[in-house]
Amino acid sequence: MDSSKREIAAAAARLVVEEGLEYGAAKRRAARDLRLPSRTPLPGNDEIEAEVRDYIQLFCADTQPAELRALRELACEWMQRMEAFRPHLGGAVWHGTATRLSDIYIQLFCDDSKSAEIALIDHHVDYEPRTVSGFHGESVEALSVHAPSRALNTEVGVHLMIYDLDDMRGALRPDSQGRVPRGDLAAVRRLLAQSMDDA
């Protein structure tokens with residue numbers, strides 16, 4: 001990685017951890033903050049994630065594991081609630097780089113794209129429809145809720161991303177680092193059990 005990319009990655013990692021920014025926004029803001037030319041090549045998400053892990057290890061090692069556990073517990077609650085739609089957890093909460101400022105991203109695989117929305121209405125859940133980036137950078141419909149976390153004493157953004165059932169085939173292909181990019185409810189429960197064993 002060249003020096004400007006490394007500089008951007010380090011600055012972006014701080015913004016991700018300290019301000020809860022998503023990787024794309026953090027990279028762009030880091031480049032602006034560093035007053036780099038607008039055409040400066042930006043680091044990839046894998047490079048940002050490596051810097052985020054380093055930053056957490058250096059500055060948040062005493063608080064981050066408990067925050068991550070609280071977010072995974074909240075994700076489990078929502079995955080149980082939406083179990084009919086084959087929920088899979090992705091993003092920082094799945095990969096283990098989340099802090100109290102991170103949002104939760106749960107992908108739902110639906111036979112009918114409106115069925116998850118109807119389920120939220122039936123359960124009297126206030127949600128906001130929005131568009132977020134999907135697996136491959138494409139626009140995906142999401143139902144966003146503010147979910148209270150007692151453990152963190154705050155509200156956490158939970159984004160239920162709506163996919164067709166057919167999309168599930170490619171959803172579990174390993175990412176560029178050979179990792180499973182998302183996990184179902186059983187997999188998230190295993191991560192929680194493992195974190196209790198490690199504590």
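Descriptive notes on the structure:
- Under the convention that each Lys and Arg Cβ holds +1 and each Asp and Glu Cβ holds -1, the size of the dipole of the range 43-199 around its Cα centre is about 360 debye.
- Each of 124, 70, 140 was scored by the projection of its Cα onto the charge dipole of the range 52-181, and the greatest displacement toward the positive side belongs to 70; charges sit on the C-beta of Lys, Arg, Asp and Glu.
- Considering only the Cα atoms of the chain, their convex hull presents on average a projected area of 11.8 nm².
- Normalised by the number of residues in the range 1-106, the mean separation of alpha-carbon contacts (under 8 Å, six or more apart) gives a relative contact order of 28 percent.
- Percent RCO, i.e. relative contact order, over the chain, from Cα pairs under 8 Å lying at least 6 residues apart: 19
- For the range 148-183 versus the range 1-70, the gap between their alpha-carbon centres in whole angstrom: 20
- Helix axis angle, 185-198 relative to the chain longest principal axis, alpha carbon, degrees: 60
- For the pair residue 83 and residue 18 in one chain, pulling the backbone fully straight at 0.36 nm per residue adds 20.2 nm over the alpha carbon distance.
- The helix-based estimate of mean residue ellipticity at 222 nm for the chain, built from -39,500 (n - 2.57) per DSSP H run of four or more residues and divided by its residue count, is -14000 deg cm²/dmol to the nearest 500.
- Helix 45-59 and the longest principal axis of the Cα set of the chain meet at an angle near 80°.
- Within the chain, the longest run free of exposed loop sites, counting trypsin sites (Lys or Arg not before Pro) that sit outside DSSP helix and strand states (H, G, I, E, B) and have at most 12 other Cβ atoms within 10 Å, spans 40-113.
- Nearest 10 degrees, 0 to 90: helix 3-19 Cα axis against the chain principal axis: 40
- Per residue, the convex hull volume that the Cα atoms of the range 115-181 enclose (Å³): 121
- Take the Cα radius of gyration of the range 20-126 and divide it by 2.2 N^0.38 Å, N being the number of residues; the result is 1.33.
- DSSP-defined antiparallel bridges as percent of all bridges, the chain, nearest 5: 70
Here, each number is a calculation from the coordinates, and none is a lab measurement. Note that the structure is predicted; figures quoted are calculated from it, not measured. We place every Cβ from the backbone using ideal geometry, glycine too, and count neighbours over all the protein chains shown.
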